[in-house]
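S.K.: Supplied in structure tokens, the structure appears directly below.
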Amino acid sequence: MIAACFNPLDIECLVKTAVELWDETDCGDLSEHQQDTLDRARSAILAEHAGRTPSSPEAVTFISPRPAGHAWVLRRWDRHDDVVTLHVDEDSALAELAVYVREVWHNLVGKHEVPAQPPTDDRAAVRLYYGPDGDDRPDEGYDVYAEGITRHGRTRIVPLDFHFPDEDASEQANRDATFHPQTDDNDLPCVEVDGVLVFTYLDHEAGAVRVSVGRDLAQDRLVRPDGTIPLRVDVDGAALLDDSVEDGPPWDVLNKLLDAADDHQERAIREAAVAAGVLWHCPICEWDNPCEAAYCEGPGLCRAPKPKKTSCRSNESFPNRPHSRPQTQHPIYEMEFNMQTYTFVLDQPEHQDLDGPHYVVAEGDTCDDAEIRARDHLHEVTRTPHGFRRTLVFVGAPLTPPDTEGGEWHDTRTRPAS
């Protein structure tokens, strides 16, 4: 049976293709998926006629549509108006109704046991104005209720062997993108690419430019077996959200490892993260950045662009970051002419309630070398072998020691008088 050679997704595609061809659609207008499915159907028919066993269908999974949500409807009427508005919850609906109540509070002033000013609590103001049952005002009233949102979803059938569209398919989808302008108060401007809707608009209530992404209508080829769609959001070259790499280690795991590590463990973890491509090392300020960041995100005004040829795989990508501290026959002259000054802020997560952070000024031929000197100094003066976590680093030193707010200030450049 030929149908046994195809999964439900392919069968649905064949049915739609048959209808399109019946309507005299040109074969050249069929999608790549339709043409591929037709080729496999033809091969299956030829194999059956030749007495061969056709190939088995690929494994698929069924993804149910997201459950429909609901909105809260506020209807308010009086002798002049009958207004209906939508809200995300009951509290926001009553908050808007309370705004109207406070504007017309003068209608109640002078009545028995009515305060001159409305209550600050929204529910109390509404209850006092309309009455406990909402019927104290004969010519006006309100109603608040939840209403289900109709969602035209469908069950998706996607292959378990997910592959994002290739370069040609992606380029064609980008060329077929459509812009939908706002035509009335009930819609918003958006760009549609392969069924994904990206809304960008000015929200005067929030006082911000808002960006929203709708994925319910996305094409099945963009959907992964778990029902999610790979999504990456960049703002000015920096990635705010990156869900495109399925096997990338979560950032919260990396942060937990760094928080629990001592000095030597932290250095090893960061080196491993750079080698694995999770972090890249800034060649200017030597800050460790997420590998998807296009510019340095370190403190200060560095913002150096990510090296174009950086693979985030080894220290070879960072010529100014040696594998080990360089050896020289004249360390005194190196210190005198090549040393740079850095200010480190280090704290102890286990003792944050006992003491503040330590501000340490140190010199080194690189930031790493200076940090080693700063940590060695702290180990010596605090008698604490480990546990210091670096939270900030600045190039140079302030002209005057900053207000440490309970922390301690150290300057390792200061040498006792001989």
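S.K.: Residue check: is E96 in contact with a strand residue (DSSP E or B) (Cβ under 8 Å, 6 or more places away or on another chain) and either of a type in the set (D, E, K, R) or closer than 22 Å to E147 by Cβ (or both)? Don't jump to the end; show me each part of the working.
M.R.: Details: in contact with a strand residue (DSSP E or B) (Cβ under 8 Å, 6 or more places away or on another chain): yes; either of a type in the set (D, E, K, R) or closer than 22 Å to E147 by Cβ (or both): yes.
So E96 fits the description; yes.
S.K.: Shifting gears a bit: Select from the range 204-220 the residues that are within 20 Å of the chain's Cα centre (by Cα) and within 18 Å of H87 (Cβ to Cβ) and write down the one among them that is surrounded by the fewest Cβ atoms within 10 Å (Cβ to Cβ).
M.R.: A206
S.K.: Quick check: anything in the range 88-103 in contact with a Ser or Thr (Cβ under 7 Å, 6 or more places away or on another chain), free of Cβ contacts under 8 Å to residues at least 60 places away in the same chain and closer than 24 Å to H204 by Cβ?
M.R.: Within the range 88-103, one or more residues are in contact with a Ser or Thr (Cβ under 7 Å, 6 or more places away or on another chain), free of Cβ contacts under 8 Å to residues at least 60 places away in the same chain and closer than 24 Å to H204 by Cβ.
S.K.: Could you identify the single residue in G407, G396 that is within 22 Å of A261 (Cβ to Cβ) and either modelled with pLDDT under 75 or within 37 Å of the chain's Cα centre (by Cα) (or both)? Lay out the reasoning, then the answer.
M.R.: Details: G396 fails: within 22 Å of A261 (Cβ to Cβ).
On inspection, the qualifying residue turns out to be G407.
S.K.: Quick check, is D81 within 31 Å of the chain's Cα centre (by Cα) and loosely packed, with under 15 Cβ neighbours inside 10 Å?
M.R.: On the way: within 31 Å of the chain's Cα centre (by Cα): no; loosely packed, with under 15 Cβ neighbours inside 10 Å: yes.
Here the answer is no, as D81 does not meet what is asked.
S.K.: Let me ask you something else. Are any residues in the range 141-192 more than 30 Å from H80 (Cα to Cα), part of a strand (DSSP E or B) and at pLDDT 90 or above, and if so, which ones?
M.R.: Result: T178, F179, H180, C190, V191, E192.
S.K.: Within the range 119-144, count every residue that is loosely packed, with under 11 Cβ neighbours inside 10 Å and either outside the structural domain of L86 (by TED's automatic domain parsing) or in contact (Cβ under 8 Å) with a residue 40 or more places away in the chain (or both).
M.R.: Taking the range 119-144 as the starting set, the residues that turn out to be loosely packed, with under 11 Cβ neighbours inside 10 Å are 120, 132-133, 135, 138-139.
Restricting the remaining residues to those that are either outside the structural domain of L86 (by TED's automatic domain parsing) or in contact (Cβ under 8 Å) with a residue 40 or more places away in the chain (or both) gives 139.
Matching residues across the range 119-144 total 1.
S.K.: Touching a His at 6+ places or on another chain (Cβ under 9 Å), hydrophobic (A, V, I, L, M, F, W, C) and over 30 Å from H33 (Cα atoms) - does that describe any residue in the range 264-284?
M.R.: yes
S.K.: Also, quick follow-up: One residue is enough: does the range 132-145 have a residue meeting the conditions within 30 Å of G214 (Cα to Cα) and of a type outside the set (F, W, Y)?
M.R.: There is at least one residue in the range 132-145 that is within 30 Å of G214 (Cα to Cα) and of a type outside the set (F, W, Y).
S.K.: Provide a single number: the residues in the range 365-387 that are touching a helix residue (DSSP H, G or I) at 6+ places or on another chain (Cβ under 6 Å) and at pLDDT 80 or above.
M.R.: 1
S.K.: Can you give me the ranges of the strands (runs of 3 or more DSSP E) entirely in the range 1-118 with at least 2 residues that are at pLDDT 75 or above and under 30 Å from G141 (Cβ atoms)?
M.R.: Answer list for the range 1-118: 70-77, 82-87.
S.K.: Let me ask something else. Out of A238, A206, I need the residue that is hydrophobic (A, V, I, L, M, F, W, C) and either in contact (Cβ under 8 Å) with a residue 24 or more places away in the chain or assigned by TED's automatic domain parsing to the domain that holds A304 (or both). Which one?
M.R.: On the way: A206 fails: either in contact (Cβ under 8 Å) with a residue 24 or more places away in the chain or assigned by TED's automatic domain parsing to the domain that holds A304 (or both).
Within the list A238, A206, the selection yields A238.
S.K.: Determine, yes or no, whether A276 is at pLDDT 75 or above, farther than 17 Å from G237 by Cα and loosely packed, with under 15 Cβ neighbours inside 10 Å.
M.R.: In short, no.
The values are calculated or read from the model by the stated rules, or taken from the named source; none is laboratory data. In this text, all values refer to a predicted model and were calculated from it rather than measured experimentally. Cβ sites come from the backbone with ideal geometry, for glycine too, and all protein chains shown count toward neighbours.
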